[in-house]
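Written below as C-alpha cells is the structure these notes are about.
The values are calculated or read from the model by the stated rules, or taken from the named source; none is laboratory data. The shown structure was predicted, so the numbers you read here are calculated from the model rather than taken from an experiment. Note that each Cβ is placed from the backbone with ideal geometry, even for glycine, and that neighbours are counted across all protein chains shown. Calculation scope for accessible area: heavy atoms of the full protein, side chains included, ligands and nucleic acids excluded. Shrake-Rupley method; radii C 1.70, N 1.55, O 1.52, S 1.80 Å.
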Amino acid sequence: MSNETVIKLDNVSVFQEHSAVVNNINLEVKKGEFVYMIGKTGSGKSSLLKTLYGELPLKQGEATVAGFNLKNVKRKEIPFLRRKLGIVFQDFQLLSDRSVYENLRFVMKATGWKDEAAIKKQIDSVLKKTGLENKGQKMPYELSGGEQQRVSVARALVNSPEIILADEPTGNLDPETSSEIMSLLLDIAKSGTAILFATHDFILYNKFPSRTLKFENGKVEQLG
Amino acid sequence: MLNCGKFQNMSAAATNVKDLKVSKLAENIIGSEIIKLAGEVNEKIKQGEKIYNLTIGDFNPKQFPIPAELKQYIVDEYFADQTNYPAADGMLELRNAVSNLLKQRGGLDYKNDEILIAGGARPVIYAIFRTLVDANDTVIFAVPSWNNNHYTYLNGAKPVVIQATPENNFMPRAEDIKPFIKEATLLALCSPQNPTGTIFSKEALEEICDMVIAENLRRGPEQKPLYVMYDQIYWALVLGENKHYNPVSLRPEMRNYTVFVDGISKSLAATGVRVGWSMGPKRIIDKMKAVLTHVGAWAPRAEQMATAKYLSDLNLYDTYLVTQKKKISDRLEGFYKGFMALKSEGFGVHAITPQAAIYLTIQFNLNGKKTAEGNVLENTADVTRYILDEAKIAVVPFYAFGADKDSTWYRLSVGTCSLEDVSAAIESLRAALKKLS
Ligand SMILES: Nc1ncnc2c1ncn2[C@@H]1O[C@H](COP(=O)(O)OP(=O)(O)O)[C@@H](O)[C@H]1O
Ligand SMILES: Cc1ncc(COP(=O)(O)O)c(C=O)c1O
Ligand SMILES: [Mg+2]
C-alpha cells in the first residue's frame, strides 16, 4: 500500500445552511484505506461526505480531496472532482428504463467518454470486478437488491476513482447481501481505491474491523 | 437463523419476481414520462454538472416556501392531537373555509355539503372519473395536457384526443371538441393549464359551455349528461392582467354538469401537504365521497384543520399570493423575454406569452441543424439531448403530455429555479445555439 494521501482535512467544520453540524475535523486518508464513519442519525456523516464531493460548500478549514483544494474549487471544476470520486448511496438510483449496460454507458457519456470501443472495454471490466459479468443486458427490475447495489458500485468505478464515498450502501440490504457488498468494497480498497463508508450496521462493523471515525456531539473521534 | 429453509424456498419462488402475474390493468399501466426524463437529469446532476433543471412541476421550498403561518398551524394541530380519522367528506371547518374562499375570491357559490375534501387534487380527479365514467364511455381531452390519459385508462374508458394548437395557446376550442360530443360522457378541461401556462379566454370558454348546454338539452333526463371536469388547481396563480374564468360563473346552467378540481397544492406551493377539494352538484359530491371513503384518500386531519385556520384570514392568503405571484412572474417573464430576444437574434426558438401557473411554453425549431462535432439533429429526441448536453437546460417535451412524438414544443417550469438561474440559463442556451450551423 502506498503512502499517497488522497484526503486531507485540517480543522474542517461542516455546515448545513448556517449552522455547523460537525466541528474541527482533522483527517488524513491514504490510497487504498478503508475507513468507517459511524454515529447516530443526524450526527453529520452524510454532511461530511457531501462536503467532500462538493455538494456542500467548504466554509471553514482546509480540505484537499483527490488533488482538489476544496477551498478554491470552482463550480465548473466540480464535475472533474466527481470523476475522481465514486459515490454510492443507500438507494441504488439506477435509471429504471434501461439495461445495466446502458446505465453505465449513460454515466460515461455524461462524463466525457466518446470512444464506444473504450466504453465497452471499461464496462466489461467493471462488470467483471463487481461480479456482474452476465448481467449487462438485464433491466434493473430483473435484479435483486444486492445485484442492483453491485451495479451502483460498478457505476461508481467507471472513471477509475481514487476514492469511493459510500453513504450507508447496505442500508437496504439483508445481512448476508450486506456482507457480500462489504467484501466487494474491501477488495476494491485492496486494489488501491480509498473508501469512506458511512454505516449504522454494527453487525457488519464488527465482522470486518477497520479504521473508524466516530461522529458524536458535533465532533469526530478516531478509533482504531 | 431460524426457519432458514422455509425462507429460502420463498426466495426461490421470488427470484422470478418479474414474471408474477398481475391484473391486466396493472400490467398495462404506464408511469409518468416526466419521471423517466428526471432520472437522466438527476444522474447528470450527481456527476457534478450544473444543470438548469426546469422539468419539475413542483416548487422548491427554498425558493417558494408554503406560508409560514400554515406551517405553524400544521404543527399546532398535531400537538392538539388532531390525529384521528377525518370526516369522510372533509372536516366541516375546512369545507366552510373553502366555501368562503370560493365566494370571496373565486366568484362561486358552493355550500359546505357541495364540497368534498381529499388528499390533494389527484384523488379528486380519480373520484370524478369513477363517479361519472363507466367502462367504454368516452372521455374527451386535448393534448398537451396533464394525466387525463392515465385516468381514462384506469376507468377503462375510451379517450378522444384533440390536438390543441399554438395558434390558440394550446387551449382546446369548442369547434375542436364539437365533432365528438354526441358520444362523450366527460369533457376534461384545465385552466390555467398544465403544461402550457395558458388560460381560457372568456369567449372561448363560453363557446364550450354553450355547446355542452345544447348537447345536454338534446340528451334529455333519461341519458347520462355530458359532464365537464374543470381542473382549476392553478387558478390563484393567474398573472398580471389575465383573468381566470370558470364554466359555472359564466353560464349558471353549467352548474349541474360541472365538477371542479381545486386545492392548495399550487396556490400555497403545498404539493406535499396534500389538501385538495372538489365542488359540484351535491348528488355527485356524495357519490365521490363514497368512492374515496373506500380508497381512504383523505387529507390528513391536522393538515385540514390547519388549512381551515389559514384560510379563515384571507388577508394572509392575499398577501402571500402577491409575493408568490411576483416571484413566479419575474421568472416566467425573464425566460419569455430571453427566448424572444434569442428569437429576434435569428435562433430557432419561440415562446408563448405566459399567463398563469408556473409554466412557459417554449419551442426549439432546430431539426436539421448541425452540432460543432458535425452531428445533425434529426428529431425532437436529438434536440432535447442537445439542449441538455450543451445548454445544460432540462425541459419536458410536449410528447410527455400526450402530444406528437415530433412536436417541437416544450414545457419550461420555473418552480424550482432562482432568479439568477434565469439569465444564466438563457446565456447558456445562447452559447449552445451559437454552436449550431
Ligand atoms: N438538507 C439539509 N438542510 C438542512 N439541514 C440538514 C440537511 N441535511 C441534514 N441536515 C442536518 O444536518 C445534521 C447532520 O445530518 P446528516 O449529515 O444527514 O447526518 P447523518 O448522515 O449522520 O445521519 C442534522 O442535524 C440534520 O438535521
Ligand atoms: C393540472 C393539474 N391538476 C392536478 C394536479 C395534482 O395536484 P395534487 O398534487 O394536489 O394532487 C397537478 C399537479 O401537477 C396539475 O398540474
Ligand atoms: Mg446520513
Quiz item: Say R0 is 30 Å: what FRET efficiency, to the nearest 0.05, do A:F80 and B:N379 get from their beta-carbon distance?
Solution: 0.40
Practice problem: Read phi for every residue in the stretch B:280-286 and hand back ³J(HN,Hα) as whole Hz from Karplus 6.51 cos²θ - 1.76 cosθ + 1.60, θ = phi - 60°, with x for Gly and Pro. | Solution: x, x, 3, 4, 6, 4, 4
Quiz item: Reachable aspartates and glutamates from A:K138, Cα under 15 Å, same-chain residues fewer than 8 places away excluded?
Solution: A:D97, A:E102, A:D124, A:E147, B:D19
Quiz item: How big is the Cα convex hull of the stretch A:1-105 in projection, averaged over all directions, in nm²?
Solution: 8.4
Practice problem: Could you work out how far apart the two model spin labels at B:E427 and B:K158 are, taking each label as a point 7 Å from the Cα in the direction of the beta carbon, and quote it in nm? | Solution: 5.6
Exercise. Compute the longest continuous run of chain B that contains no exposed GluC sites (Glu not before Pro); treat a site as exposed when its DSSP state is not H, G, I, E or B and it has at most 14 other Cβ atoms within 10 Å.
Key: B:1-221
Self-check item: Delta accessible area of at least 50 Å² on complex formation, residues of the stretch B:33-57, 1.4 Å probe, chain isolated as reference
Solution: B:E40, B:E43, B:K46, B:Q47, B:G48
Quiz item: Picking from B:L314, B:F200, B:M211, whose Cα lies most toward the positive end of the charge dipole for the stretch B:68-318 (charges on Cβ: Lys, Arg +1; Asp, Glu -1)?
Solution: B:M211
Exercise. Provide, as a two-decimal number, the C-alpha radius of gyration of chain B over 2.2 N^0.38 Å, N being how many residues it has.
Key: 1.04
Exercise. Over every pair of different alpha-carbon atoms in the stretch B:398-437, take the mean of 1/r and invert it; report that Kirkwood radius in Å.
Key: 12.2
Quiz item: Once amide H atoms are built 1.01 Å from N in the peptide plane, which residues 5 or more positions from B:Y227, or in another chain, come under 5 Å H to H?
Solution: B:L186, B:L187
Quiz item: Between the stretch B:158-183 and the stretch B:66-91, how many Å separate their Cα centres?
Solution: 41
Quiz item: For the stretch A:29-45, in order, what is each residue's ³J(HN,Hα) by Karplus, 6.51 cos²θ - 1.76 cosθ + 1.60 with θ = phi - 60°, in whole Hz (x at glycine and Pro)?
Solution: 10, 9, 3, x, 7, 10, 10, 7, 10, 10, x, 4, 3, x, 7, x, 4
Exercise. First measure r as the distance between the Cβ atoms of A:D97 and B:T353, then evaluate 1/(1 + (r/R0)^6) with R0 = 35 Å and state the FRET efficiency to the nearest 0.05.
Key: 0.50
Quiz prompt | ³J(HN,Hα), Karplus 6.51/-1.76/1.60, whole Hz, each residue of the stretch B:347-363, x for Gly, Pro | solution = 7, x, 10, 7, 8, 9, 3, x, 10, 6, 6, 10, 10, 10, 8, 10, 10
Exercise. Return one number: the angle in degrees, 0 to 90 and rounded to the nearest 10, between the long axis of the Cα atoms of helix A:100-110 and the longest principal axis of the Cα atoms of chain A.
Key: 60
Self-check item: Residue pairs, from the table A:K129/A:K190; B:K202/B:K343; A:K8/A:K74, whose Cα atoms sit over 22 Å apart
Solution: B:K202/B:K343
Quiz prompt | log₁₀ of I(q)/I(0) at q = 0.16, 0.18 Å⁻¹ - chain A, Debye sum with one point per alpha carbon | solution = -1.13, -1.38
Quiz item: Could you name the aspartates and glutamates in cross-link range of A:K50, using Cα to Cα under 14 Å and dropping any fewer than eight places away on the same chain?
Solution: A:E17, A:D167, A:E168
Self-check item: Dipole magnitude (debye, nearest 20) for the protein assembly as shown, charges at Cβ of Lys, Arg, Asp, Glu
Solution: 880
Practice problem: Compute the FRET efficiency between B:R219 and B:A290 as 1/(1 + (r/R0)^6), taking r as their Cβ-Cβ distance and R0 = 22 Å, and round to the nearest 0.05. | Solution: 0.35
Quiz item: How many nm separate the modelled label positions at B:K182 and A:N26, each set 7 Å beyond the Cα in the direction of the Cβ?
Solution: 8.8
Exercise. Once you have the Kirkwood Rh of the protein assembly as shown from its Cα pairs, apply Stokes-Einstein at 20 °C and 1.002 mPa s and quote D in µm²/s.
Key: 77
Exercise. Subtracting the Cα-Cα distance from 0.36 nm times the residue separation, let me have the gained length for B:N365 to B:Q104 in nm, one decimal.
Key: 89.5 nm
Quiz item: Taking amide hydrogens as modeled 1.01 Å from N in the peptide plane, which residues meet the under 5 Å criterion relative to B:T165, leaving out close sequence neighbours?
Solution: B:F170, B:M171
Quiz prompt | chain B - accessible surface per residue (Å², probe 1.4 Å) | solution = 44
Quiz item: Over the stretch B:68-318, what percent of the accessible surface lies on carbon and sulfur atoms, probe 1.4 Å?
Solution: 49
Self-check item: Interface area, B with A, accessible, probe 1.4 Å, both sides summed, Å² nearest 100
Solution: 1500
Quiz item: How many percent of Cα pairs in the stretch B:68-318 exceed 30 Å?
Solution: 24
Exercise. Please tell me which of these pairs span more than 30 angstrom C-alpha to C-alpha: A:K84/B:K369; A:K109/B:K21; A:K31/A:K120; B:K111/B:K182; B:K243/B:K287; A:K76/B:K405?
Key: A:K84/B:K369; A:K109/B:K21; B:K111/B:K182; B:K243/B:K287; A:K76/B:K405
Practice problem: Report the full-extension gain for the segment B:N112 to B:S344: residue separation times 0.36 nm, less the Cα-Cα distance, to one decimal in nm. | Solution: 78.3 nm
